[in-house]
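Novice: Just dropping this structure here.
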Amino acid sequence: MDKINKSDEQWQKDLTPEQFYVTRKAGTEPAFTGKYYKTKDPGTYTCACCGQQLFSSETKYESGSGWPSFYKPVSEDAVEEHSDTTYGMRRVEVRCSKCDAHLGHVFPDGPRPTGLRYCMNSASLDLKPEPKK
């Protein structure tokens, strides 16, 4: 897969200020404020920066954290994980594997079958609804 590389100026033209802050500067939206934290609509969550498919609504669950949470990505190569020690914490950052957008973090306290909680920022996601049957 070819990586997408753009300058900050190019990303700023393509994204809202909140999307730019979250995805390109590794920011975090306040808990319980994102547009998808309570969404139950069926579909596929894609990267707000490049459109790559990231998570299925079938793996989304209510974690109580205030951010959209999933127990697994759509495929193993959809996301990349990196060590994050900012703010004096040890966390695992999750990024889009295609454009390196910051999505959120993954924690080992999720439900079965994976036991993982991919805690994502709504600003880093776009929900593509399932086609109506």
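FYI, it's all coordinate maths here, none of it is from the lab. The structure presented is a predicted model; accordingly, all values stated were derived computationally and were not measured. Positions of Cβ are backbone-derived with ideal geometry, glycine not excepted, and every protein chain shown enters the neighbour counts.
Novice: I'd like the Karplus ³J(HN,Hα) series for the stretch 44-56: coefficients 6.51, -1.76, 1.60, θ = phi - 60°, whole numbers in Hz, and an x wherever there's a Gly or Pro.
Specialist: 10, 8, 10, 5, 5, 8, 10, x, 5, 5, 10, 9, 9
Novice: Oh, and also: So what are the ³J(HN,Hα) numbers for the stretch 9-15, from phi and the Karplus equation (6.51, -1.76, 1.60; θ = phi - 60°), rounded to whole Hz, Gly and Pro as x?
Specialist: With coefficients 6.51, -1.76 and 1.60, one gets 4, 5, 5, 4, 6, 8, 10 Hz.
Novice: Within 10 Å of each residue's Cβ, count the other Cβ atoms and sort HIS105, HIS82 from fewest upward.
Specialist: Lowest to highest Cβ neighbour count: HIS82, HIS105.
Novice: First select every other residue whose beta carbon is under 11 angstrom from the beta carbon of ASN121; then total the charges, Lys and Arg +1, Asp and Glu -1.
Specialist: Around ASN121, the charge tally is -1.
Novice: Let me ask something additional. For the chain, modelled as a GNM with alpha-carbon contacts under 10 angstrom, which of PRO68, PRO42, PRO30 fluctuates the most?
Specialist: Maximum fluctuation in the GNM of the chain, among the listed residues, is at PRO30.
Novice: Still on this structure: DSSP loop trypsin sites (Lys or Arg not before Pro) in the stretch 43-120 with at most 14 other Cβ atoms within 10 Å of their Cβ, which ones?
Specialist: ARG90
Novice: Just TYR87, TYR21, TYR36 to compare: in a GNM of the chain, with alpha carbon springs under 10 Å, which one fluctuates most?
Specialist: Of the options given, TYR87 has the highest mean-square fluctuation.
Novice: Right, something else. For the chain, modelled as a GNM with alpha-carbon contacts under 10 angstrom, which of GLU76, GLU62, GLU93 fluctuates the most?
Specialist: Judging by the Gaussian network model, the answer is GLU76.
Novice: So which lysines can LYS6 reach, going by Cα to Cα under 29 Å and dropping same-chain residues fewer than 8 places off?
Specialist: LYS25, LYS35, LYS72, LYS98, LYS128
Novice: Tell me the net charge near ALA48. Cut-off is 15 Å between Cβ atoms, ALA48 excluded, with +1 for each Lys or Arg and -1 for each Asp or Glu.
Specialist: Net of charged neighbours comes to +3.
Novice: Among TYR37, TYR61, which comes first, then next, by fewest other beta-carbon atoms within 10 Å?
Specialist: TYR61, TYR37
Novice: List the residues, sorted by chain then number, that are 5 or more residues from ALA101 or on another chain and whose placed amide H is less than 5 Å from its amide H.
Specialist: CYS96
Novice: Let me check I've understood the local charge: for GLU9, count other residues with C-beta under 14 angstrom from its C-beta, Lys and Arg +1, Asp and Glu -1. What total comes out?
Specialist: With Lys, Arg at +1 and Asp, Glu at -1, the neighbours total +2.
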